[in-house]
Amino acid sequence: MAKEGALHSIEVQAARFEAILTTARDAIISINGDGLITLFNRAAESIFEFPASEVLGKNVSMLMPSPYREDHDRYLRSYQETGEARAIGRIRKVEGQRKSGETFPMELSVSEVRVGEEILYTAVIRDMAERQRAQAEMDRLRLLSRQRERLADIGALASKIVHDLANPLAALSMVSQGILRRIERAPEAAIETVRGQAERLVGTAQRLDALLGEFKDFARGQRLDFQDVDVAGLLRTVEEFWKPEAIRNGVVLDVQGPAEAVSLRADAEKLHRVFDNLVKNALDAIDGPGRIEIRVEPAAAGRVRIRLADSGPGLPEGVDVFALFETTKAGGTGLGLPICRQILVAHGGDISVDKGDSAGAVFQIDLPLHGTPLA
Amino acid sequence: MASCTCIPILLVDQDHIFRQALAENLRIDGHEVVECDSAEEALPAMRARACVALIAEYAMPGFNGVHLADEFRAARSGPTLLVTAQSSGAVAAHVEVRHYVRLLPKPVAYDQLHDVLHDLFVVRSDS
């Protein structure tokens, strides 16, 4: 009974082992001390493209390309003599060779077991070719996707440039045609009328130039000239510059610097430009009597936060004003705020926008006190 | 360039330089031109003034030129010439279904604009 029980247990163990060998996705190959193949599972047959009957009893080096093939017996002997392992106990990346002659990358782990007097070496092998192919395909698709995004961006930019340039060009063209038609019909009388139209031509050309300047600015990216900037001084300059226009528009421009002196490393001219853009946008948005407040707020250590709030109508829902070409202004390029963000990010800071408590928009600028230029 | 009966024209474009230059050219040809810089200004003007044709920009904040053309058609039974830098298929599709609207891209040659206006006015007179 005990003998039958033991036999049954052995049969069960063998069946389990067989099931594992058969169902494993990785190749499992055993060799004896002479390097001859004693076990070659179904996955090994699939990976190496040899039926087991063609490899059992043969030297395992037949599954290797040069130089592994020529060196394997020597490595095996060296290990058996010195105990110095090259493959045993570690995962190695090597090359295998299929029956077709195709070589392929594989991951190999080898273990050693003694069964009585016999030493068996068992390798578990993973075919990495498919994984590499899949990775290469993913990389290719990723690159393609990035290229398509860039092309779409370029397409959007080109479309934007065409559209934004067409309007001032149309104005230039129509003014010029008017001048010519006046001169043709009544040359002597044309002089004074033509002067006014010529002035409009100059104004339109300047407008085109400003437009091109914005595109150039954005395309160029931000190179910063770092210096010590007194935040209170910067805000005072902004206030002095914009106060006359604010007064003309009936807007109260209320600027309060920090309670204590705050100095930060920044490009003063570029930061001024950011505030110019925000104040101008606020004045345009308010379009009549209203209020713009600029405050320095408490921030995390080593940083400064500046808040600009206006009493305008606020920003429309679902509009990302920092996205390229998003504009709420007729004739706007949609580059002003993206350029502002570009400048602030180049300083190591950022800008965000939210709704005001009662109305309007609130912009928050966050900057490090000791900024370093981004590479 | 086709000869044209001088007609009172409602001209709507927020680009004041283009609008004034086009108005100037139309006045050289003897047309009376009522200028507006927005749809908001144009809507009461089209009811108050006896203009028989509308020239407008398509892309105006809050109220595009096709909507304005529909309003003008209802108010004055008149045709519309849209002059615009917007060249999308959607704009053309909007215009195609309206026999009383034509579309010209900016920049535009005045002579071409005048000829299209003439055709539109003649078509309008016949329909």
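Scan the stretch A:328-336 and give yes if some residue there is under 28 Å from A:Lys160 (Cβ atoms), hydrophobic (A, V, I, L, M, F, W, C), modelled with pLDDT of 85 or more and surrounded by 14 or more Cβ atoms within 10 Å (Cβ to Cβ), otherwise no.
Checking the stretch A:328-336: not a single residue is under 28 Å from A:Lys160 (Cβ atoms), hydrophobic (A, V, I, L, M, F, W, C), modelled with pLDDT of 85 or more and surrounded by 14 or more Cβ atoms within 10 Å (Cβ to Cβ).
Select from the stretch A:355-375 the residues that are at pLDDT 90 or above and touching a Phe, Trp or Tyr at 6+ places or on another chain (Cβ under 9 Å) and list them in ascending order.
Hit for the stretch A:355-375 is A:Ile365, nothing else.
Show the residue pairs that are 6+ apart or on different chains and have beta-carbon atoms under 6 Å apart, the first residue being within the stretch A:171-191 and more than 9 Å from every other protein chain (Cβ to nearest Cβ), the second being surrounded by fewer than 21 Cβ atoms within 10 Å (Cβ to Cβ) and of a type in the set (Gly, Ala, Ser).
Final answer for the pair search is A:Ile183/A:Ala190.
Within the stretch A:3-23, is even one residue assigned to a loop (DSSP other than H, G, I, E, B), in contact with a helix residue (DSSP H, G or I) (Cβ under 9 Å, 6 or more places away or on another chain) and surrounded by 13 or more Cβ atoms within 10 Å (Cβ to Cβ)?
To start, the set of residues in the stretch A:3-23 that are assigned to a loop (DSSP other than H, G, I, E, B) comprises none.
There is no residue in the stretch A:3-23 that is assigned to a loop (DSSP other than H, G, I, E, B), in contact with a helix residue (DSSP H, G or I) (Cβ under 9 Å, 6 or more places away or on another chain) and surrounded by 13 or more Cβ atoms within 10 Å (Cβ to Cβ).
Picking from A:Leu165, A:Leu141, which residue would you name as being surrounded by fewer than 13 Cβ atoms within 10 Å (Cβ to Cβ) and either over 24 Å from B:Gln14 (Cβ atoms) or within 14 Å of another protein chain (Cβ to nearest Cβ) (or both)?
Matching residue, one of A:Leu165, A:Leu141: A:Leu141.
If I ask for residues that are touching a residue at least 24 places away in the same chain (Cβ under 8 Å), surrounded by fewer than 14 Cβ atoms within 10 Å (Cβ to Cβ) and small (Gly, Ala, Ser), which ones from the stretch A:93-137 would you list?
A:Ser100
Out of curiosity, is A:Leu253 surrounded by 14 or more Cβ atoms within 10 Å (Cβ to Cβ), in contact with a helix residue (DSSP H, G or I) (Cβ under 8 Å, 6 or more places away or on another chain) and under 20 Å from A:Asp228 (Cα atoms)?
no
All but one of (1) assigned to a helix (DSSP H, G or I); (2) away from chain B (no Cβ under 14 Å); (3) among the hydrophobic types (A, V, I, L, M, F, W, C) hold for A:Phe104, so report the exception by its number.
With (1) assigned to a helix (DSSP H, G or I); (2) away from chain B (no Cβ under 14 Å); (3) among the hydrophobic types (A, V, I, L, M, F, W, C) applied to A:Phe104, the lone miss is (1).
What do you reckon, is B:Val34 under 30 Å from A:Pro316 (Cβ atoms) and touching a strand residue (DSSP E or B) at 6+ places or on another chain (Cβ under 7 Å)?
When the stated conditions are applied, B:Val34 does not pass them.
Among the helices (runs of 4 or more DSSP H) confined wholly to the stretch B:1-106, which include 1 or more residues that are touching a helix residue (DSSP H, G or I) at 6+ places or on another chain (Cβ under 8 Å), β-branched (Val, Ile, Thr) and more than 12 Å from chain A (Cβ to nearest Cβ)?
Working: elements: B:16-28, B:39-48, B:65-76, B:89-96.
Per the criteria, B:65-76, B:89-96.
Residues to consider are A:Ala346, A:Ala261; find the one that is out of contact with any His (no Cβ under 6 Å at 6 or more places or on another chain), modelled with pLDDT under 90 and buried (at least 17 other Cβ atoms within 10 Å of the Cβ).
Just a single option satisfies the conditions, and that option is A:Ala346.
The values are calculated or read from the model by the stated rules, or taken from the named source; none is laboratory data. The structure displayed is predicted, hence computed values, not measured ones. So basically every Cβ, Gly included, is an ideal-geometry build from the backbone, and we count neighbours across all protein chains shown.
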